[in-house]
Amino acid sequence: MMSSSRVHPVYAQMERTVFDRMSALARETGAINLGQGFPDGPGPAPVIEAAVRALREKSNQYPPGAGLPELREAVCGYYARRQGLEVDPQDVTVTSGATEAIAASLLALVQPGDEVVLFQPAYDAYAPMVLRAGGVPVSVPLVPPHFRYEISAIEAVLTERTRLLILNDPLNPAGTVASEEAMGAIARLCIERDLIAICDEVWEEVRFDAKRHRSLRQFDGMAERCVKIGSAGKIFGVTGWKIGWMIGRGDVGLGLARAHQFLTYASAPPLQWAVAEGLTLPDAMLDDQRAAWAASRARLMAGLDRAGFAVLPNQATWFLCVDLAASGLPIRDRDFAERAIREAGVATIPVSALYEGEGRPEHIVRFCFTKPDAILDEAVARLAAFRLNLT
């Protein structure tokens, strides 16, 4: 941990992220990495081929800062087709992944002292970004196993300084989806209290509940007060490409674009062209990819269940969570994760690392299932043997 007074306090007091640390341990020990979320494999062949063609045939110089017009239009077409959501290309700004979109949103919209509501568990970048933008993160814990949004709990933390909330739906790491009723109540609350909602919707295409994703932006009165964030890395399973986007209307959209131009300014144009082409491919490709992920999800779920692990309900994302206490294992999640990677050779993520403040649960671990069958089977076998040493 850094201690120099020359370093901003947000970073001077910061430790390595749990994802970076567990992945590094997996590399050092040769463990199976079910911790950090990424699929094994190259991604959909048509999208990869589109990137290769773009590298050879199109420009490799600076694209427009807001993104290639082809990609901005493709994003709009994709949302109209898949979600029934109307978006103007002028409201779309292409970013270097969803994390940059979150950073740009907070830098554009947070002023010193503004309070920002975060639902816990949360992507661990949210709170540091809020602090670095001069804001104050305010946590609303979501309680396992269902991680439901309770409007009374949200109302309890609102003050005259509350300006924004960050809503991650579907929710990582829980793999849950907010109910229509909860989304409607959050929308009404945003309107009543004049709040802007930063909607981290990167998992919108990774749902297994047979329902079409509905953005908070689609609720009455929310189009002008929402930032909708998406990710090609999650849609196509190419996380290293770091191509994302943010959508905002009016002065909000203008602020997003201005903040973005002084961060990464622009992202790799060949990858932007490839994503644009991918978003216009037949829906069957996305549906087939999701079916393959669903099969991996079912395989790991069944394996963990046979091994005696209590798997929590899951509707979305690439992750399954296990309740250690309900599995009869009297061990904290961080201790389980440390021992599992060293003794079983399997990396996982302790969910308590994704909570801020007091009252965090310490009995849940997260596993990524977008891996080949043989790797999932080997991981389950190792965890089953390891479990015998914990009871």
Problem set entry | Unit charges on C-beta of K, R, D, E only; dipole of segment 139-189, Debye | 160 debye
Problem set entry | Most mobile of G30, G278, G248 in a GNM of the chain (Cα contacts under 10 Å) | G30
Exercise. Counting pairs of alpha carbon atoms under 8 Å apart in space and at least six apart in sequence, what relative contact order in percent does segment 260-391 give?
Worked result: 25 percent
For this session: Take E204, E57 and sort them by solvent-accessible surface of the protein heavy atoms, 1.4 Å probe, largest at the top.
Result: E57, E204
Problem set entry | Cβ-based charge dipole, the chain, positive-most Cα from V52, A187, I247 | V52
Exercise. Mean residue ellipticity at 222 nm from the helices of the chain, using -39,500 (n - 2.57) per DSSP H segment of n ≥ 4 over the full residue count, to the nearest 500 deg cm²/dmol?
Worked result: -12500 deg cm²/dmol
Exercise. Which of (1) -0.49; (2) -0.60; (3) -0.41 is the computed log10 I(q)/I(0) by the Debye sum over Cα atoms at q = 0.08 Å⁻¹ for the structure on display?
Worked result: (3)
Problem set entry | Environment charge of K234, counting only residues whose C-beta is closer than 9 Å and scoring Lys/Arg +1, Asp/Glu -1 | -2
Problem set entry | Cut-off 12 Å between beta-carbons: net charge of the residues surrounding Y126, Lys and Arg +1, Asp and Glu -1 | -2
Exercise. Hey, if you put +1 on the Cβ of every Lys and Arg and -1 on every Asp and Glu Cβ in the chain, which of A178, L312, I198 ends up farthest toward the positive end of that dipole?
Worked result: L312
For this session: Kindly list the residues of segment 265-298 that lie in the label zone of V52, defined by a backbone N under 18 Å from the point 7 Å along the Cα-to-C-beta vector.
Result: 270-278
Exercise. Can you give the accessible area of M301, probe radius 1.4 Å, in Å² rounded to 10?
Worked result: 60 Å²
Exercise. Given charges of +1 on the Cβ of Lys and Arg and -1 on the Cβ of Asp and Glu, with all other atoms neutral, how large is the dipole of the chain about its Cα centre, in debye to the nearest 20?
Worked result: 640 debye
Exercise. Size of the dipole of segment 1-136 about the Cα centre, Lys and Arg at +1 and Asp and Glu at -1 on the beta carbon, nothing else charged, in debye to 20?
Worked result: 340 debye
For this session: Please report the relative contact order for the chain, taking Cα pairs under 8 Å with a sequence separation of at least 6, and give it as a percent rounded to a whole number.
Result: 24 percent
Seminar exercise, completed: Sorted list, accessible surface of protein heavy atoms, 1.4 Å probe, largest first, for E358, E100, E224 is E358, E224, E100
Seminar exercise, completed: When every protein chain stays in place and a 1.4 Å probe is rolled, E73, E205 sorted by accessible area with the largest first are E73, E205
Problem set entry | Local electrostatic count, S296, Cβ distance below 9 Å [Lys/Arg +1, Asp/Glu -1] | +2
Exercise. Tell me, what HN-Hα J-couplings in whole Hz come from the Karplus equation 6.51 cos²θ - 1.76 cosθ + 1.60 at θ = phi - 60° for each residue of segment 26-39, using x for Gly and Pro?
Worked result: 4, 5, 5, 9, x, 6, 6, 9, 9, x, 5, x, 7, x
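The values are calculated or read from the model by the stated rules, or taken from the named source; none is laboratory data. Not measured: the values here are computed from a predicted model. Cβ atoms come from the backbone with ideal geometry, glycine included; neighbour counts cover every protein chain shown. SASA here: full protein model, heavy atoms, side chains in, ligands and nucleic acids out. Shrake-Rupley method; radii C 1.70, N 1.55, O 1.52, S 1.80 Å.
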